Amino acid sequence: MSPQGADRGGRGLLITFEGPEGSGKTTLIRGVTERLAACGEEPLVLREPGGTALGERIRNILLDPASEGMCAETELLLMVASRAQLVREKIAPAIEAGMIVLCDRFADASVAYQGFGREMGEKTVTPLNNLALGGVEQDLTLLCLLSPEEGHKRLQNRET
């Protein structure tokens, strides 16, 4: 196998994994990572929110039970802040270096969760995502789907 990125003209790839909790994103990422390693690639595996020191602090705020009453606008802006840091600190440099980046959730998650789930609308979310992305786009998104019932069952099994 040639050096990382050589078969892609030296350019890296950004592959994102989307889907609800319990849909198998982490398992799929693990499998893709193992397969790429077998081909001589060492992907950079990241998550959103998080992936950087600042992003992990933002993640802790978002997931803190004390943040339960957080308004939709604050949630969106925190997600976008985490994403902007992740893109500039990790994703863009890795792509430039010819690496494959695997990211557990990315910009599409904000369209789904904040845009539709929190009823902020795609017209509000998309410009903020574009600002955070700074021109970086995913090359491939893998969407993991399952029924709400199955997702709930899997999440309950995780807790036991």
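We did not get these values from a lab; they are worked out from the coordinates using the rules stated. Computed from a predicted model, the values in this text were never measured in an experiment. FYI the Cβ positions are ideal-geometry reconstructions off the backbone, even for glycines, and counts take in every protein chain you see.
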So which residues in the range 8-18 are in contact (Cβ under 8 Å) with a residue 12 or more places away in the chain and surrounded by fewer than 21 Cβ atoms within 10 Å (Cβ to Cβ), if there are any at all?
Arg8, Gly10, Arg11, Leu13, Ile15
Among the residues of the range 141-160, write down those that are touching a residue at least 60 places away in the same chain (Cβ under 8 Å) and of a type in the set (Gly, Ala, Ser).
Gly151
Select from the range 19-74 the residues that are touching a strand residue (DSSP E or B) at 6+ places or on another chain (Cβ under 9 Å), in contact (Cβ under 8 Å) with a residue 60 or more places away in the chain and among the acidic types (Asp, Glu) and list them in ascending order.
Glu48
The listed residue being farther than 23 Å from Gly24 by Cα, over 16 Å from the mean Cα position of the chain (by Cα) and crowded, with 18+ Cβ neighbours inside 10 Å, out of Gly98, Gly69:
Gly98
Report every pair of residues separated by at least 6 positions or lying on different chains whose Cβ atoms are under 9 Å apart, first residue within the range 113-132 and more than 15 Å from Leu78 (Cα to Cα) and touching a residue at least 12 places away in the same chain (Cβ under 8 Å), second in a helix (DSSP H, G or I) and not aromatic (Phe, Trp, Tyr).
Glu119/Ala72
For the range 101-123, name all the residues that are over 13 Å from the mean Cα position of the chain (by Cα) and buried (at least 16 other Cβ atoms within 10 Å of the Cβ).
Gln114, Gly115, Arg118, Met120
Among the residues listed as Thr26, Thr33, the single one being part of a helix (DSSP H, G or I), surrounded by fewer than 18 Cβ atoms within 10 Å (Cβ to Cβ), over 12 Å from the mean Cα position of the chain (by Cα) and at negative phi:
Thr33
Given (1) buried (at least 20 other Cβ atoms within 10 Å of the Cβ); (2) of a type in the set (A, V, I, L, M); (3) farther than 24 Å from Gly22 by Cα, identify the lone condition not met by Leu77.
(1)
